[in-house]
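Here the structure is laid out as structure tokens; the discussion comes afterwards.
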Amino acid sequence: MDLTERANSDGLAAELEKTDYLCPGCTRTMATPNQKLKQIGDYMVLSEIGRGGMGVVFKVVHRLTRRVCALKMLQPDLVKDGYAGKVFEREIEVQSNVIHRNLVRVLDHGKHGLAHYFVTEYLPGGDVKSLVTWEFRGPLDPDLSCLIALQVLSGCQTLHKSGFIHRDLKPVSYTHLTL
């Protein structure tokens, strides 16, 4: 199935050249059968891919563009916590206005019931921990370690200049790193 026209219906296909797109049949095949949430806004949930202190992250497919994305939603037990909601909304606001080569790009945001969510690029390359463990099979050369750290810090500095201090760094995706 040719998804070219649908993929660019929002004009972002050229900017998101590393992105995957799925036809409806492939979406059904890839969806985790016992996934509790099937749809969040305009996104069909494929699977849960992570959980942190404030949010749950899902691998999703946008219904119109068929673009595979990551969707972060405030943890259900924090929805009624006013402070947590404000922190999450601030994260959405700042990250929506920042585009940097070492940060995932926010593509959309909204609400599902009472819970806020935002959608970013999905980076299938894996994280730095996987890169070190499976590709390099152990400790990195100090020069390469410094190169990775500098790129992570460059992204964090851009967020900081926008008034946001990232307090919960995860092993970053290496698809946004230049090795």
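The values are calculated or read from the model by the stated rules, or taken from the named source; none is laboratory data. Remember, it's a predicted structure, so these values are computed and weren't measured experimentally. No Cβ is skipped: glycine too gets one built from the backbone with ideal geometry, and neighbour counts run over all protein chains shown. For the accessible areas, the whole protein counts, side chains as well, though only heavy atoms, and no ligand, DNA or RNA atoms are used. Shrake-Rupley method; radii C 1.70, N 1.55, O 1.52, S 1.80 Å.
Quick notes on this one:
- Dipole axis of the chain (+1 Lys, Arg; -1 Asp, Glu on Cβ), positive-most option in Gly50, Val132, Val68: Gly50
- Estimated FRET transfer efficiency when R0 is 25 angstrom, pair Lys111-Leu64 (beta carbons, to 0.05): 0.85
- Rough spin-label spacing in nm, given labels placed 7 Å along Cα→Cβ, for Arg28 and Asp127: 3.4 nm
- Take the Kirkwood radius over Cα pairs of the stretch 51-143, plug it into Stokes-Einstein at 37 °C and 0.692 mPa s, and you get 220 µm²/s for translational diffusion.
- Listed cross-link partners Lys59/Lys111; Lys18/Lys86; Lys18/Lys80; Lys80/Lys129; Lys18/Lys129 are compared with a 28 Å cut-off, the Cα-Cα value being larger for Lys18/Lys86; Lys18/Lys80; Lys80/Lys129.
- Exposed loop sites here are GluC sites (Glu not before Pro) assigned a DSSP state other than H, G, I, E or B and surrounded by at most 16 other beta carbons within 10 Å; excluding them, the longest clear run of the chain is 18-179.
- Cα gyration tensor, the stretch 1-105 - rounded (a/c under 1.5), prolate or oblate: oblate
- Annotation: per residue accessible area for the chain equals 59 Å², rounded to a whole number [probe 1.4 Å, protein chains only].
- Of all accessible heavy-atom area on the chain, the percent that carbon and sulfur account for (1.4 Å): 55 percent
- Positive-end residue, the stretch 13-128 charge dipole about Cα centroid, Cβ charges, pick of Tyr122, Thr27, Asn97: Thr27
- Taking the DSSP bridge list for the chain and keeping only pairs wholly inside it, about 100 percent are antiparallel.
- Largest to smallest principal axis extent of the C-alpha atoms in the stretch 12-64, angstrom: 33, 26, 18
- Spatial extent of the chain: Rg and Dmax, with the Cα atoms as the point set, Å: 16.9, 47
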